[in-house]
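Just below is one structure, and these are the notes that go with it.
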Amino acid sequence: MRFPSLPDTAPLSAVFAAFPATIPALTGYIEAVMRAPGTLDIAERELIAAYVSAGNACTFCYGSHVIYAEAFGIEKGLIEALVADLESAPLAPRMKTLLGYVARLQHPPARYKQTDLDAVLDAGWPEAAVFEAVQVAALFHMMNRIVEGTGVTFDPLTNRAAHPASRLGNRAREHSFVKTAE
């Protein structure tokens, strides 16, 4: 499925260029959620974005945020291990609890339970960090639908050199979603 106006291997920037009216507000929100100072560091937010996108089977967002997560210090191969089996992946139990919680957010809200949230808080996460994780998860549920609903087909993992984070190297922290959309 792809909008006929998009190229065969459309990146997200093609959608942004074709439909620019709401993009400044969207990229501003993405920038705030993913890059503003917070309790979670940028690498953790990128890891959550990739994990949620994998759960939604969004190839573009998954690949893109694996690359960003690695650029911000997540060990290469870790996200793939998390997606394959969260429990056996080499990650601190505290972070596994947070990822388990954001994975639950893929289900209808009527299925959320206080015990799900209590487990994350009991693992030592402050409410501010949980709120940030919820925002990242919600943002990527939305972005995954924008990407998949318009037909973005570019797979960043098959062409890492074309991805902005790959070109930035140690300057990855300078990346701006707003500038990418311009």
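Remarks
- Residues satisfying the stated conditions in the stretch 141-160, i.e. part of a loop (DSSP other than H, G, I, E, B) and in contact with a Leu (Cβ under 7 Å, 6 or more places away or on another chain): G151, V152
- Residue, surrounded by the most Cβ atoms within 10 Å (Cβ to Cβ), within the stretch 90-120, restricted to residues that are touching a helix residue (DSSP H, G or I) at 6+ places or on another chain (Cβ under 7 Å), under 17 Å from A49 (Cα atoms) and not β-branched (V, I, T): L98
- Here the stretch 87-103 is the region considered, the condition is being touching a Leu at 6+ places or on another chain (Cβ under 9 Å) and under 26 Å from V152 (Cβ atoms), and the residue that is modelled with the highest pLDDT is L99.
Results for (1) buried (at least 19 other Cβ atoms within 10 Å of the Cβ); (2) polar (S, T, N, Q); (3) out of contact with any Cys (no Cβ under 8 Å at 6 or more places or on another chain); (4) more than 22 Å from Y101 (Cα to Cα), shown as yes or no for each residue.
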position: P7; (1), (2), (3), (4): no, no, yes, yes
position: G63; (1), (2), (3), (4): yes, no, yes, no
position: L78; (1), (2), (3), (4): no, no, yes, no
position: D85; (1), (2), (3), (4): no, no, yes, no
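Results for (1) within 27 Å of E70 (Cβ to Cβ); (2) in contact with a Lys or Arg (Cβ under 8 Å, 6 or more places away or on another chain), shown as yes or no for each residue.
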residue: S5; (1), (2): no, no
residue: F16; (1), (2): yes, no
residue: A25; (1), (2): no, no
residue: I30; (1), (2): yes, no
residue: M34; (1), (2): yes, yes
residue: L40; (1), (2): yes, no
residue: A43; (1), (2): yes, no
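- Exactly one residue out of E132, E127 is modelled with pLDDT of 95 or more and in contact with a Leu (Cβ under 6 Å, 6 or more places away or on another chain): that is E132.
- Failed condition for D155, given (1) buried (at least 18 other Cβ atoms within 10 Å of the Cβ); (2) touching a Gly at 6+ places or on another chain (Cβ under 6 Å): (1)
The values are calculated or read from the model by the stated rules, or taken from the named source; none is laboratory data. Since this is a predicted model, take the numbers as computed values, not measurements. Using ideal geometry, Cβ is built from the backbone for each residue, glycine included, and neighbour counts are taken over all protein chains shown.
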